[in-house]
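Q: So that we are looking at the same thing, I have put the structure below in structure tokens.
The values are calculated or read from the model by the stated rules, or taken from the named source; none is laboratory data. This is a predicted model, so every value here is computed, not measured. Neighbour counts are summed over all protein chains in view; Cβ atoms, including those assigned to glycine, are modelled from backbone coordinates with ideal geometry.
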């Protein structure tokens, strides 16, 4: 069956068009500037009502500030995700000092800037009705507005993104495929190169913008504009890389470290190896489900923030609409929409490939909401030009109306809930509004910064947050327990010509303390399987090893070869192994004399036994060989109120 496009002179079409779009575009075209002004006013209004003077529980925003401070002091070049945002904040710190509210206010202005350039990018190119509604939705979207008072990169990135499309769609898209126009357009290509450079160095995903622009020109067979765009980008990125190498001795690209993490099965545990092809395909489908059928709906108000489900059908539907949109963009004369769809598809694709499913962060999707709304709405409206699909115009109106109303209701609720928090924070109650686990963690960070001597370091899971609330004192970050590959541990025994015995921890716990403490000094590693944990003891003499086993009278596996044979099935599966001496020596080498442990929630919205226990596991790993090495110095919070603790490391106890 051939789908026939509707003749716009057809009486049936004119009737349906009047029913579904009753003078929408003429009305919105006449009042477009007014709707834009209203959207800016609403952005400012809700931005102020929802302004958050606190650092977020996520910690990435404070990490940008920590990197900026270290850059301003000349200590290091930012290495946390995209570097440029921290570089920019670092320059401001050098000029004006460290002022948290000032940096947060910058994001507020970036958000308004995004609104301006989004309007000017599309005001002459898409339906005034679609543009007006999308601007209004963005202006009252609490998820987007949230980043207008945070030191995350979202607001800055969204502004750069809208500037990109303003330059591309209004000044460069119609350039001919010849080199002569460069003389009159070089400034525009230079501006485009600058924005592409800033996007790629603000967030690693920003490199997709360059790919989308170059790919668009190549598909249009405009090879000269493609070359000029790439050259404009290189004019900024090459000096930037030279600057990093010569001044800061940074030789690795911003993308290199991130790419190696992308390939890992677990981003926090390299010993589990790299993802397989089947695992990568599963990751793509899982992420598509998470971001399209859950987070996108949550951030547009169609689902509650507590919603944890996904829908393959909905994911498939959204994907089909977007892919149909790019086909329609290439079928029609709407060339300006082609790079938009390319950018949306490439960004979503790169996101689904590169991110571990365990992250599922809303901020990943926030930057795409305006363009996703535009792409989906335009595609649905364009489908309505076909006789059999004319009903999709009604769906477009219903879709946008639902999002506008649900977003507005959700934002008003947020304003009501946030009012008391903002009032108390501005009155000086710094920790009000945080959950008990975070409040206790930040309070003990502040206490430690004020009471522990400056000449030693304090280890913490969220070191950047401790830095902000610890009055600028730098804490030692403990983001993960440094695991060692099991085969490396076993191979080292053979290389050192040692005798190794392996004992199940369940058997060790049954034995008396005396002989066990004597053996602790020979504990070299702990190897954990899915349902068993083995301690590996190494000795220079096999005679000593045999004697101790007889004294302990416990079942033991003698030798590396026997261990490999006995545990062959388990070793083929995932294992984790750590070396207590390595962990302790790492702390000692970095002058860490104190550790902060806390009851940090795994899910900030829910108090449960599931906690971020990185520091606790780090300490337990060390205690397995050095019992009693930690002494509690301070506890903040009652035992049943998610407390935080400060521990001293007694290095002198084990010389």
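Q: From the residues in region 558-569 that are touching a strand residue (DSSP E or B) at 6+ places or on another chain (Cβ under 9 Å) and touching a residue at least 24 places away in the same chain (Cβ under 8 Å), which one is surrounded by the most Cβ atoms within 10 Å (Cβ to Cβ)?
A: It comes out as 563.
Q: Further question on the same structure: From the set of residues in region 303-316 that are surrounded by 13 or more Cβ atoms within 10 Å (Cβ to Cβ) and modelled with pLDDT of 90 or more, which is nearest to residue 351 (Cα to Cα)?
A: Among them, the one singled out is 315.
Q: Condition first: crowded, with 18+ Cβ neighbours inside 10 Å, under 24 Å from residue 551 (Cβ atoms) and under 42 Å from the mean Cα position of the chain (by Cα). Now tell me which residues in region 488-505 satisfy that.
A: Residues satisfying the conditions are 493, 502, 503.
Q: Taking region 612-634 on its own, how many of its residues are assigned to a strand (DSSP E or B) and free of Cβ contacts under 8 Å to residues at least 60 places away in the same chain?
A: Total meeting the criteria: 4.
Q: Which is buried (at least 21 other Cβ atoms within 10 Å of the Cβ) and in the same structural domain as residue 160 (by TED's automatic domain parsing), of 79, 86?
A: That would be 86, the only listed residue that is buried (at least 21 other Cβ atoms within 10 Å of the Cβ) and in the same structural domain as residue 160 (by TED's automatic domain parsing).
Q: Could you tell me whether any residue of region 573-593 is in the same structural domain as residue 520 (by TED's automatic domain parsing), assigned to a helix (DSSP H, G or I) and at pLDDT below 90?
A: No.
Q: Further question on the same structure: Looking only at region 532-552, which residues are surrounded by 14 or more Cβ atoms within 10 Å (Cβ to Cβ) and at pLDDT 85 or above?
A: Matches in region 532-552: 533, 534, 535, 536, 537, 538, 539.
Q: Say whether the condition of being within 21 Å of the chain's Cα centre (by Cα) and either assigned by TED's automatic domain parsing to the domain that holds residue 403 or within 27 Å of residue 373 (Cα to Cα) (or both) is met by at least one residue in region 187-196.
A: Yes, region 187-196 contains at least one residue that is within 21 Å of the chain's Cα centre (by Cα) and either assigned by TED's automatic domain parsing to the domain that holds residue 403 or within 27 Å of residue 373 (Cα to Cα) (or both).
Q: Sticking with this structure for a sec: Of everything in region 637-655 that's farther than 16 Å from residue 601 by Cα and in contact with a strand residue (DSSP E or B) (Cβ under 8 Å, 6 or more places away or on another chain), which residue is surrounded by the most Cβ atoms within 10 Å (Cβ to Cβ)?
A: Ranking the qualifying residues of region 637-655, first place goes to 646.
Q: Is it fair to say residue 17 is surrounded by 12 or more Cβ atoms within 10 Å (Cβ to Cβ), modelled with pLDDT under 50, in contact with a helix residue (DSSP H, G or I) (Cβ under 9 Å, 6 or more places away or on another chain) and not assigned by TED's automatic domain parsing to the domain that holds residue 144?
A: yes
Q: Go through the residues of region 328-339 one by one and say whether even a single one is out of contact with any strand residue (DSSP E or B) (no Cβ under 6 Å at 6 or more places or on another chain), modelled with pLDDT under 90, assigned to a helix (DSSP H, G or I) and not assigned by TED's automatic domain parsing to the domain that holds residue 168.
A: Yes, there is a match, as at least one residue in region 328-339 is out of contact with any strand residue (DSSP E or B) (no Cβ under 6 Å at 6 or more places or on another chain), modelled with pLDDT under 90, assigned to a helix (DSSP H, G or I) and not assigned by TED's automatic domain parsing to the domain that holds residue 168.
Q: Condition (residue is surrounded by 14 or more Cβ atoms within 10 Å (Cβ to Cβ), without any contact (Cβ under 8 Å) to a residue 24 or more places away in the chain and closer than 30 Å to residue 305 by Cβ) applied to region 592-599: is it met by at least one residue?
A: no
Q: For region 171-184, how many residues meet the condition of being part of a helix (DSSP H, G or I) and touching a residue at least 40 places away in the same chain (Cβ under 8 Å)?
A: 2
Q: Next up: Go through the residues of region 59-69 one by one and say whether even a single one is within 30 Å of residue 208 (Cβ to Cβ), in contact with a helix residue (DSSP H, G or I) (Cβ under 9 Å, 6 or more places away or on another chain) and either at pLDDT below 85 or outside any helix (DSSP H, G or I) (or both).
A: yes
Q: Would you please name the residue that is surrounded by the fewest Cβ atoms within 10 Å (Cβ to Cβ), looking only at residues in region 431-460 that are in a loop (DSSP other than H, G, I, E, B) and in contact with a strand residue (DSSP E or B) (Cβ under 7 Å, 6 or more places away or on another chain)?
A: Per the stated criteria, the residue is 456.
Q: Also: Which residue, of 333, 286, is surrounded by fewer than 21 Cβ atoms within 10 Å (Cβ to Cβ), closer than 30 Å to residue 172 by Cα and out of contact with any helix residue (DSSP H, G or I) (no Cβ under 7 Å at 6 or more places or on another chain)?
A: Every option except 333 fails the conditions.
Q: Quick one: residue 370 ticks every box in (1) closer than 26 Å to residue 166 by Cα; (2) free of Cβ contacts under 8 Å to residues at least 60 places away in the same chain bar one, so which box is it?
A: Unmet condition: (2).
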